[in-house]
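> Dumping the structure here so I can ask a few things about it.
The values are calculated or read from the model by the stated rules, or taken from the named source; none is laboratory data. No experiment lies behind these values; they were computed from the predicted model shown. Using ideal geometry, Cβ is built from the backbone for each residue, glycine included, and neighbour counts are taken over all protein chains shown.
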Amino acid sequence: MKPLTLLFCAAITFGACNNESKTDETPAASKDTMSAASTPPPPAPMPDSATRMNNWMAYSTPGDVHKMMASWNGNWDGDVSMWMAADAPPQVSKSKTVNKMIMGGRYQQSNHTGDMMGMPFEGQSTMGYDNAKKQFTSTWLDNVGTGTMIATGTWDAATKTINLKGKMVNPEAGDGREQNFREVFKVIDDNTQVMEMYCDGVDGKEFKTMEIKYTRKK
């Protein structure tokens, strides 16, 4: 359920032959300064073994955010609206989603079924929360592509929203080029959620390409 568009950039390389005939007039002191500035700082020393073990346990133990995701387990009905262009009328359809926590409550796997443009559709997503980075990572696979969409983002507790950003291939271009996209996933209440997806149009301006209202099936 991921409509596609894209912008791309071109790189220009100049011939090296002209550079070979030029003398290097950079003062030695300047060279030393640039070299020092470009040298990355050494990594911080590793803590002692007990601290390393405690850090690993903290990283791998599901926390409150994972418990929140677990509360989304179950069967959901989706009302889907898709826009192929900013000024186009939406295409509407229905979908079904089944959420379950996997890997000992560390990730949520979601299986989606429905119709896209009159054809059977199925997709699978995972949502994880990285305790160290304090961010979500979302993946998406479906039967209308062969790639994997990956997005990362953070939780806004005030609005109960996950804001995700990533890149995806535009298959219509035929050359593997990518485009930016973002998703806004909002928890309305225990039984209602809304996902909005935004992409860049052919004019480079962002527009909403999809909205799904999820209602928990009782």
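> Within the range 86-119, restricting attention to residues that are in a loop (DSSP other than H, G, I, E, B) and over 16 Å from Met210 (Cα atoms), which residue is nearest to the chain's Cα centre (by Cα)? Explain how you work it out, then say what you get.
Taking the range 86-119 first, the residues in a loop (DSSP other than H, G, I, E, B) are 86-90, 103-106, 117-118.
In the following step, the residues that additionally are over 16 Å from Met210 (Cα atoms) were identified as 103-106, 118.
Working: Met103: 20, Gly104: 23, Gly105: 21, Arg106: 18, Gly118: 27 Å.
The residue in question is Arg106.
> Restricting attention to the range 134-153, report how many residues are assigned to a strand (DSSP E or B) and out of contact with any Leu (no Cβ under 7 Å at 6 or more places or on another chain).
Within the range 134-153, the first condition is being assigned to a strand (DSSP E or B), and the residues that meet it are 135-142, 149-153.
When the remaining residues are screened for being out of contact with any Leu (no Cβ under 7 Å at 6 or more places or on another chain), the result is 135, 137, 139-142, 149-150.
Summing the residues that are assigned to a strand (DSSP E or B) and out of contact with any Leu (no Cβ under 7 Å at 6 or more places or on another chain) in the range 134-153 gives 8.
> Across the range 31-60, which residue is modelled with the lowest pLDDT among those that are over 23 Å from the mean Cα position of the chain (by Cα) and among the hydroxyl-bearing types (Ser, Thr, Tyr)?
First pass over the range 31-60, keeping only residues over 23 Å from the mean Cα position of the chain (by Cα): 31-58.
Then drop every residue that is not among the hydroxyl-bearing types (Ser, Thr, Tyr), which leaves 33, 35, 38-39, 49, 51.
Details: Thr33: 51, Ser35: 55, Ser38: 79, Thr39: 86, Ser49: 90, Thr51: 93.
Going through the qualifying residues, I end up with Thr33.
> Hey, another quick one. Can you name the residue in the range 53-66 that is without any contact (Cβ under 8 Å) to a residue 24 or more places away in the chain and not polar (S, T, N, Q) and is also farthest from Met101 (Cα to Cα) among such residues? Quick ask: steps written out before the conclusion?
Step one: filter the range 53-66 for residues without any contact (Cβ under 8 Å) to a residue 24 or more places away in the chain, giving 53-57, 64.
Still in the list and also not polar (S, T, N, Q): 53, 56-57, 64.
On the way: Met53: 25, Trp56: 21, Met57: 19, Asp64: 14 Å.
It comes out as Met53.
> Provide a single number: the residues in the range 183-208 that are of a type in the set (S, T, N, Q) and surrounded by 15 or more Cβ atoms within 10 Å (Cβ to Cβ).
Selection size over the range 183-208: 1.
> Still on this structure, I have one more. Could you tell me whether Asn180 is surrounded by fewer than 18 Cβ atoms within 10 Å (Cβ to Cβ) and either modelled with pLDDT of 95 or more or closer than 21 Å to Asn73 by Cα (or both)?
Values: surrounded by fewer than 18 Cβ atoms within 10 Å (Cβ to Cβ): yes; either modelled with pLDDT of 95 or more or closer than 21 Å to Asn73 by Cα (or both): no.
Spelling it out, it is not the case that Asn180 is surrounded by fewer than 18 Cβ atoms within 10 Å (Cβ to Cβ) and either modelled with pLDDT of 95 or more or closer than 21 Å to Asn73 by Cα (or both).
> Looking only at the range 94-130, how many residues end up being crowded, with 18+ Cβ neighbours inside 10 Å and in contact with a helix residue (DSSP H, G or I) (Cβ under 7 Å, 6 or more places away or on another chain)?
Summing the residues that are crowded, with 18+ Cβ neighbours inside 10 Å and in contact with a helix residue (DSSP H, G or I) (Cβ under 7 Å, 6 or more places away or on another chain) in the range 94-130 gives 4.
> Let me spell it out: the conditions are (1) touching a residue at least 12 places away in the same chain (Cβ under 8 Å); (2) more than 30 Å from Asp203 (Cα to Cα); (3) of a type outside the set (Val, Ile, Thr), and Ala85 meets all of them except one. Which number is the exception?
Here Ala85 meets the rest and fails (2).
> Return the residues of the range 122-145 that are farther than 23 Å from Gly78 by Cβ and under 14 Å from the mean Cα position of the chain (by Cα); say none if nothing qualifies. Even if it seems obvious, please write down each step before you answer.
Going through the range 122-145, the residues farther than 23 Å from Gly78 by Cβ turn out to be 130-135.
Hits for the range 122-145 are Asp130, Gln135.
> Follow-up. Evaluate the following for Gly118: is it over 23 Å from Asp190 (Cβ atoms) and at pLDDT 95 or above?
Details: over 23 Å from Asp190 (Cβ atoms): yes; at pLDDT 95 or above: no.
For Gly118, the condition - over 23 Å from Asp190 (Cβ atoms) and at pLDDT 95 or above - is not met.
> Further question on the same structure: Would you tally the residues in the range 188-212 being free of Cβ contacts under 8 Å to residues at least 40 places away in the same chain and in a strand (DSSP E or B)? Give the derivation first.
First, pick out the residues of the range 188-212 that are free of Cβ contacts under 8 Å to residues at least 40 places away in the same chain: 188-189, 191-192, 194-196, 198, 203, 206.
Narrowing further to those that are in a strand (DSSP E or B): 188-189, 192, 194-196, 198, 206.
Looking only at that region, the number is 8.
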